[in-house]
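To keep things clear, I will list the structure first and then write my remarks on it.
Please treat every number below as a calculation from the coordinates, not as lab data. Model, not experiment: these values are computed from the prediction. Don't worry about glycine lacking a Cβ; one is built from the backbone with ideal geometry, like all the others, and counts go over all protein chains shown.
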Amino acid sequence: MIVILIAILCTFLFYYLACLSYGSSKQKIFFIASFIVSAFTLRLLLNPNLNNDYLLYYSFKIFHKPHGFFSYLLNEPYLYSVYSIFNIFIGSQETVFLAMYWFNCLITTSFFVWLAGRLDVQIWKKMLLFVLHFFLFGFVLLRNGPAYILFALFFYYSFRNKPFKWVILTPFIHVSSCLLLTTFFYKSKNYFKFLVLGILAVLLFFFLFKSFLIDVPAFDSILNKINSYSKNNIGYGFMHICFFTFVLSIILIGFLFQKDNMKHPILITTIFFYISTFFINPVVGHRFSPYLIFALLLYPFDTIISEKKIRIVNQLSVFLFPIFVYALFQTHRTEMFREILSNSLFN
């Protein structure tokens, strides 16, 4: 347990120092390399079956052979494809899953290395994104994580008027991306009109053809998710409400101090979908929140405080470490950590 705590601390501190290193490129390379080593060490120390979603993935139907190509295409083929590729070379399902979690950790670590190198993103923003999402993307989510990351890249480059077309792959990774893929057309003159018409058309299509879609096996997974979320079958807690209040406060502050910038089509769209999904089910809204948080923190807002104060805020981001630890325990089964701790103390 002590080794795990040291690895957690090193992972956080090396990433913080990598973001903080502006002067020497050698220092930055050293801290980034150290972060990668500590992140992989942490992945090695933490058994994947500790994470909250492990058993759900382990028994997930996506790992069974699809009914056909249409079914394969509609039901998030990314995860099944990764599973199938590793399954060719590895025999047992447990070992395949271990390889998948390592692959996911590699993707997530690479993304945060990329983020650490962005000089036009404030350090406190990098650290906040890191503490909130590193464990979630790299250690828990096998499907959603890569979709979130592709959208983060799309938001970053779009806000700087640079193309990023890989985002069109996200619906094949996670079906929730279909909603936010509308932001791909944010430069269109009639973007908001098409957005409203598109939402209404999809809802109308669903209600008119739902009875027909029920009899099509390819739509089983999608329809089951819609039914679960719309009927509030997935429970939520007090922290979901608190997090919604926190995010809503950030949005209101944004409109108060950055009104013109907050009118960007991507920001308006992500805010709309986040609030809408929250009122469908707070858990659904929470799962949409990374899209909104990435959009808000990667947008190049005008500076409203002095450079000196920004430097102080950047340096103070080291105190986000407790949130980093909290994120680990929130995404993993804590009773197993207590068991490990008790064994290490009394044996």
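Laid out as a table, the results:
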{"read-out": "Ranked list, fewest to most other Cβ atoms within 10 Å of each Cβ, for T95, T270", "value": "T95, T270"}
{"read-out": "Distance from the stretch 79-119 to the stretch 132-160 (C-alpha centre basis), Å", "value": "14 Å"}
{"read-out": "Least to most buried among C105, C242, C19, C10 (fewest other Cβ within 10 Å first)", "value": "C242, C10, C105, C19"}
{"read-out": "Hypothetical label at W102: residues of the stretch 18-57 whose amide nitrogen lies under 16 Å (7 Å Cα-Cβ projection)", "value": "37-49"}
{"read-out": "Unsatisfied cross-links (Cα-Cα over 20 Å) in the set K165/K193; K193/K263; K125/K189", "value": "K165/K193; K125/K189"}
{"read-out": "Sequence ranges 27-34, 39-46, 141-148, ranked by mean other-Cβ count within 10 angstrom, highest first", "value": "141-148, 39-46, 27-34"}
{"read-out": "Inter-centroid distance (Cα atoms) of the stretch 32-62 relative to the stretch 167-182, Å", "value": "24 Å"}
{"read-out": "Residue-by-residue Karplus 3J(HN,Hα) for the stretch 29-41, coefficients 6.51, -1.76, 1.60, Hz, glycine and proline x", "value": "4, 4, 5, 5, 4, 5, 4, 4, 4, 5, 5, 5, 5"}
{"read-out": "Distant-in-sequence amide H partners of H332 (H built 1.01 Å from N, under 5 Å)", "value": "N52"}
